[in-house]
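What follows draws every value from the coordinates through simple rules; no lab data is involved. Please read these numbers as outputs of a predicted model, since none were measured by experiment. Please note: Cβ atoms are built from the backbone with ideal geometry, for glycine as well, and neighbour counts cover all protein chains shown.
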Amino acid sequence: MPRISIKNETASGGRVGWTKTIKSVDKSKTNGYAFDGDFLNEGKQYDLCVGTVIVSKDPFGSARNGGHTGHIGTVEASGIMWDQKTWDWGSQFLDFRDAVVKALIEAAPKTEALPSAADLEIAFAKKLDADFAKIVYEVMDKNEIENLLQEREVLTNRLAEINKILDGRV
């Protein structure tokens with residue numbers, strides 16, 4: 001996990017921005033409360049997973065004649081990769097919010113679906129049936145039979161491990 005530090009922007013009048021990791025986005029909200037996640041405090045170090053999406057809200061200008069901008073970053077092995085686009089928090093917030101959703105989707109790990117336990121058991125049973133059919137119907141020497149039985153034991157152990165994984169997923 002990359003270790004990162006945060007530096008929040010400060011504008012005149014002591015206005016300080018904020019930065020947070022984003023876990024989800026509530027598209028029914030039209031302000032910073034749309035972003036569910038943890039605030040990252042300035043001056044602290046954080047170990048974050050690669051792919052973590054980060055949002056910052058930064059003040060600019062004076063308290064009277066200023067505003068806020070938004071930035072989107074993604075944690076990479078080398079640190080935070082900030083998107084080059086700067087979003088106006090007031091006039092572009094909805095587009096910004098949608099861009100954060102897109103960043104979350106793009107950063108999500110790509111995983112293939114695991115076969116079901118039933119599919120694995122059927123495949124395993126077919127493999128065992130085929131192995132035993134070989135023993136019964138073919139003339140085999142003792143070494144071939146021992147190798148086949150060892151392979152059966154390995155497959156049995158693998159099936160048990162896969163079932164443990166699937167049980168934890170359900």
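222 nm [θ] for the chain, helices only, -39500 (n - 2.57) per DSSP H run of 4+, per residue, to 500?
On the way: 3 runs with 64 residues, N = 170.
Estimated from H runs of four or more residues: -13000 deg cm²/dmol.
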The answer for Asp83, listing residues at least 5 apart or on another chain whose modeled amide H is closer than 5 Å to its amide H, is Ile72, Gly73, Thr74
For the chain, the longest principal axis of the Cα atoms and the Cα long axis of helix 117-137 enclose an angle in degrees, to the nearest 10, of 20
With a Förster distance of 41 angstrom and the Cβ-Cβ distance between Glu121 and Lys142, calculated FRET efficiency to the nearest 0.05 equals 0.85
Helix 93-107 sits off the longest principal axis of the Cα atoms of the chain, rounded to the nearest 10 on a 0 to 90 degree scale, by 30
Any lysines whose Cα falls less than 21 Å from that of Lys20, other than same-chain ones fewer than 8 residues away, would be Lys7, Lys29, Lys44, Lys57, Lys85, Lys102
Once normalised by the length of region 3-107, the mean sequence separation of its alpha carbon contacts under 8 Å that are 6 or more apart gives a contact order in percent of 27
Ala63 and Asp36 label points (each 7 Å along its Cα→Cβ direction) are spaced in nm at 3.5
Cα-based Debye curve of the chain sampled at q = 0.20 Å⁻¹ gives log₁₀ I(q)/I(0) of -1.25
Longest principal axis of the chain (C-alpha) makes with the long axis of helix 142-169 (C-alpha) an angle, in degrees to the nearest 10, of 30
Across all Cα atoms of region 35-100, Rg and the largest Cα-Cα distance (Dmax), in Å, are 13.0, 40
Charge dipole of region 1-86 built from unit charges on the beta carbon (Lys, Arg +1; Asp, Glu -1), centred at mean Cα; most positive-end Cα among Gly70, Ile54, Ser5 is Gly70
